Every structure is written in structure tokens, then in C-alpha cells.
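So the structure is just underneath, and the comments pick up after that.
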Amino acid sequence: VSRQLSSTGTVVVTDPLNFWGGKRVKPREEKNAEPVFEPATGRVLCQMIPCGAEEVDEAIKSAHTAYLKWSKMAGMERARVMLEAARIIRERREKIAKLEVINNGKSITEALVDIDIAWQCIEYYAGLAGTLSGQHIQLPGGTFAYTRREPLGVCVGIGAWNYPFQIASWKSAPALACGNAMVFKPSPMTPVTAVILAEIYKEAGVPDGLFCVVQGGAETGTLLCHHPMVAKVSFTGSVPTGKKVMEMSSKGVKQVTLELGGKSPLIIFKDCELENAVKGALMANFLTQGQVCCNGTRVYVQREIMPQFLEEVVKRTKAIPVGDPLLDGTRMGALISKPQLEKVLGFVSQAKKEGGRVLCGGEPFVPSDPKLKGGYFMSPCVLDNCRDDMTCVKEEIFGPVMSVMPFDTEEEVIRRANNTTFGLASGVFTRDISRAHRVAENLEAGTCFINNYNISPVEVPFGGYKMSGFGRENGQVTIEYYSQLKTVVVEMGDVESLF
Ligand SMILES: NC(=O)C1=CN([C@@H]2O[C@H](COP(=O)(O)OP(=O)(O)OC[C@H]3O[C@@H](n4cnc5c(N)ncnc54)[C@H](O)[C@@H]3O)[C@@H](O)[C@H]2O)C=CC1
Ligand SMILES: C[N+](C)(C)CCCC(=O)O
């Protein structure tokens, strides 16, 4: 993609977006096609044509054929192929990031980070592929047992639209490292980059079919979850859909990993380093136009420093350059869709009705560039005067809206922070190290960031408590979620029969 071709408002994708058997596959029939929009312009970027039952079956069978070869390869050999895939992604990061921006609407600065995290994830699990092993257990009389760490088989990945390429990598890297194959279904709103990952794996040398991409929405997702040859489903998305995925998977007793939503608390104590706390609050709320599952959208600020905090956070929020996501200077692009923009703006008006005060933003934003007139932009919003019982504080907004609330004591703020059905992430800013670790211990969430927010090194496990899901992505522990133990018992004496 040349510089000219890849500017905002110019790209049209016509190549087939399905991938199995080692190549892109044209949809069998064009029916039920849905237009996919470029968020920054509102223009049609391509058509998403969902896969039906026969296509899903073909993809899964192709994955199974690849699994039979791949799972028999040495871990070190799988590692070599994965390292090559990571290298190719690194080499093409600009091109992939641009397509991600055109399809998703986030800024190029962020998309480049996403692509870097993607190859790092593949590199990390390549490093673990050669270390997979079991245990040797000694039993009386020289008899012994050993365990083997074996793959599960064909795994399904179902992704959300906020981190399309990164999610496909977070799911496929540990799956492939363990010897599994994966059939991945991107969100119907972001179908264009997963197939590039499939091509790169192929180029790096995986057996044909090892990483397949099927396009589609709920129906295709349902077919995947019900397919008898699928061993596991790893899902990223909303809580209601996650529940359905779990229910469907239960019919075939399939393993599930659920990365669901959140309404995470960020707690800022008066002894914090204020400038860092303000930066942390921005990182916790405004990445990817606020459409991030682990965002710290309930910002609790100790009363004494509330005025200084608000002044600084509002000043910086107003200064965020919103606009053409492909420009290097842009820090906030467009939301994923018109309905999503309307939904988020609806949360802001509801907050006003319930007594919230808009300190800045919260309005549709029309960039001066005429080609962006139809884009789904809004100005990032800070809401003050919020209470725990307000809709904007209870529900996941999935947009650039920060709700700020005062608190007085540590005990009080922990109780309020935990008063939610979600539990994905949390954060605390303080210079008191005992307090920091005590708060981290007492918060009911899968991650607690101390004196930062939303950094996600691939070495670190990521996942939810409570209704934010279970299972983990990233880190060594994820090997457990993509493998199973076989116990082999070896008798060295005679059989002592009871009969
Ligand atoms: N926490 C998170 O990471 C995310 C939260 N959301 C929230 O969910 C709202 C709705 O967004 P959606 O993209 O519609 O989320 P969703 O949870 O419905 O979709 C996520 C994925 O699941 C697939 N899917 C949908 N129904 C399915 C079914 N019955 N069986 C199998 N797969 C199915 C979708 O095609 C997509 O690939 C957003 O406005 C946002 O608030 C959305 C995406 C990610
Ligand atoms: C990369 N990070 C931590 C900002 C978000 C990743 C989780 C997600 O898929 O929303």
C-alpha cells in the first residue's frame, strides 16, 4: 500500500477476507453481505460476507488437518516458524497499522503500538513453545508416572472490533505455541486485518489451515461454538454475548476463555504524584476513543486534591488532537460506528439528566477537513459531580467519557470500587507503598495498576474477575488455557489383581 493509496478516504478492499487451506477463499455466495465503514469518513470500505455452515465446516476441517501435523512437530520447530511470523509482522508494521486505522478509526500512533504488541506476543510464545513439559512422579517399587502437556486440538477465537489484529495475535500465539490450530472470526465491523495475520503465518511456514479466518457475525459465531470438532472457544467482547458463548460451548463440554467488559475503578490518593495521576487517568480513559474493555472509567479522587486534579485533567483532555487518524499528530480518531457514537453521546445526555456536569467534550466533533465530515468523531469528555448510582458510573460506555467522583477514606473507596459486577482491571495512584499494595490486594479485579494504567506487556497475564470473565491471555499462565495434561502411569512390578 503506497502512501498515496493508504490515505484516509481512499482505500477500498475487494480481496476475499476468508482464509483456509493456506489461501484466501472467496465467499460461496454473496448473500447477507454487510457494508463495512471507514470510521473516519463514513465511507464504505468493503463488504463483509458471512460464512455459512459449509464454509465453517471446511475451515474447521482444514484446521484439523494442519493440527495433526503441527502438534507432532517439536516445540523448537514451532518456535522457529512463529519467530519468522513475528519478524514479518515487524517488517510490515506500517502497512498493517494503516489498514487497522482505516478499518477501526484509532490513531496511527496507537495502531503501531498495537501491531508491535502483536508481534511481541508471537515472539514471547515462540519462546515458550520449546519449554512445554510435564512432570515425573515417583511411585513405590520403581513404578512411576509422568505427565505430558498436550494441545487441545482446533481452537476457535472470536474477536471484538477494538483491537482487531492484536486480539487475533493474543489468541493465536499461545494456541499455536501449544500445538493447536485456530479458526478465528473477527468482528463483522473489522474484517480486514485478521486475514493478513493468516497470510503471514502461512508465509512463515505453518502447515496450510493452521490459522484460518472465517468472516461473519452472530450466526457464524454460533456455528463455530457448536461445531463438534472444536475443542475450545476463546472470546473477547461483551458480557451478554460471552454468556451465550459459554452456554453454547457447554453443550459440547468445550473449554472457554472469556475476556469481557469492565467498569474499572481508578483510585487517586492525595499523596500521589499529581501529574502522573492525571496522565494515568487519560491513559485509563482515552485510548482507542475510550473503546477499551479494561479502561478505568470510574475515577475516584480524594477530596482534598479534586480541584487541582480536575483543572489539570480538563486542560489536557481539551488539548487532545482529534481528527484524521492517519496523521502522526492525531491522538484521537473516530469511534467504530455511527450507532456506537450515538450510544456514547446518549450516555453523556443521560449523565446530565442525572445531575452530572460536563466539564469538557461529550459532543459530536466535525473536523475541518471536508473528507472527514461523515466520520464518527466526538470530543473526549470529563464528567464531574458523578455519583455511584448514575448510569454513566454503573454501565460500560465504551467511548471517551471519564466519570470523576470524590472520596474521603481508603476503606470507603475500596468498598465503592468493588461495588460492581465487573472486575477486569483497577488502578491506584499513591506514593505510600504499603497503601498501594494493600489497595491492590483488596480490589476485586484481574489486574491492578499501581502508578500507571493500561500498559499491557505480553509477559503479564491479563483477564477478569467476576462478570468480566475467566481464563487469562498473555503471560506464562495462558499455556494452561491452551493445553491439557495427560497422565501416563508406568507399572514396573507385577499386577496385583483383586480378582
Ligand atoms: N469489553 C470488550 O472488550 C468489548 C465490549 N463491547 C461492548 O459490546 C457492545 C456491542 O459490541 P459488539 O461488537 O456487538 O459485541 P459482541 O460481544 O456482540 O461481539 C463480539 C464478537 O462476538 C461475535 N458474536 C456476536 N454474537 C455471537 C453469538 N451469538 N455467538 C458467537 N459469537 C457472537 C461478534 O460477531 C463479535 O465477533 C459495544 O458497544 C461495547 O459496549 C464490544 C466489544 C469489545
Ligand atoms: C492494550 N490495552 C491494554 C490497552 C487493551 C487490551 C484489551 C482490549 O482488548 O481491550
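The values are calculated or read from the model by the stated rules, or taken from the named source; none is laboratory data. Note that the coordinates shown come from a computational prediction; the quantities given were computed from them, not determined experimentally. Please note: Cβ atoms are built from the backbone with ideal geometry, for glycine as well, and neighbour counts cover all protein chains shown. Ligands, DNA and RNA are stripped out before the accessible areas are found, and what is left, the full protein with its side chains, is counted by its heavy atoms. Shrake-Rupley method; radii C 1.70, N 1.55, O 1.52, S 1.80 Å.
A few remarks follow.
- Scaled against 2.2 N^0.38 Å for its residue count N, the alpha carbon radius of gyration of the chain is 1.02.
- Alpha-carbon centroids, segment 373-441 and segment 63-142: separation in whole Å: 33
- Computed log₁₀ I(q)/I(0) - Debye formula, equal Cα scatterers, no solvent, segment 418-493, q 0.15, 0.19, 0.22, 0.26 Å⁻¹: -0.62, -0.86, -1.05, -1.21
- Relative contact order (%) - segment 265-450, alpha-carbon pairs under 8 angstrom, separation at least six: 28
- Taking label points 7 Å from Cα along the Cα-to-Cβ direction, ILE450 and MET229 give a separation of 4.9 nm.
- Helical segments meeting 27 Å axial Cα length and Kyte-Doolittle 0.0 threshold in the chain (DSSP H): 108-129
- The accessible-area ordering, largest first, of the residues PHE347, PHE184 stands as PHE347, PHE184, per a 1.4 angstrom probe.
- Whole-angstrom Cα spans of segment 265-450 along principal axes, big to small: 53, 31, 30
- The heavy atoms of HIS136 present about 110 square angstrom of accessible area, all protein chains included, probe 1.4 Å.
- Entry comment: accessible area of the chain is 41 Å² per residue, from protein heavy atoms only and a probe of 1.4 Å.
- Inverse of mean 1/r across different Cα pairs in segment 92-228, Kirkwood, Å: 16.3
- THR222 - accessible surface, heavy atoms, 1.4 Å probe, Å² rounded to 10: 50
- DSSP bridge pairs, the chain: antiparallel proportion in percent, nearest 5: 45
- Coil-residue GluC sites (Glu not before Pro) of segment 247-344, DSSP, other Cβ within 10 Å capped at 14: GLU273
- Across the protein chains, with a 1.4 Å probe defining accessible surface, the residues TYR67, TYR482, TYR146 rank TYR146, TYR67, TYR482 from largest area downward.
- Helical mean residue ellipticity (222 nm; -39500 (n - 2.57) per DSSP H run of 4+; nearest 500) of the chain: -11500 deg cm²/dmol
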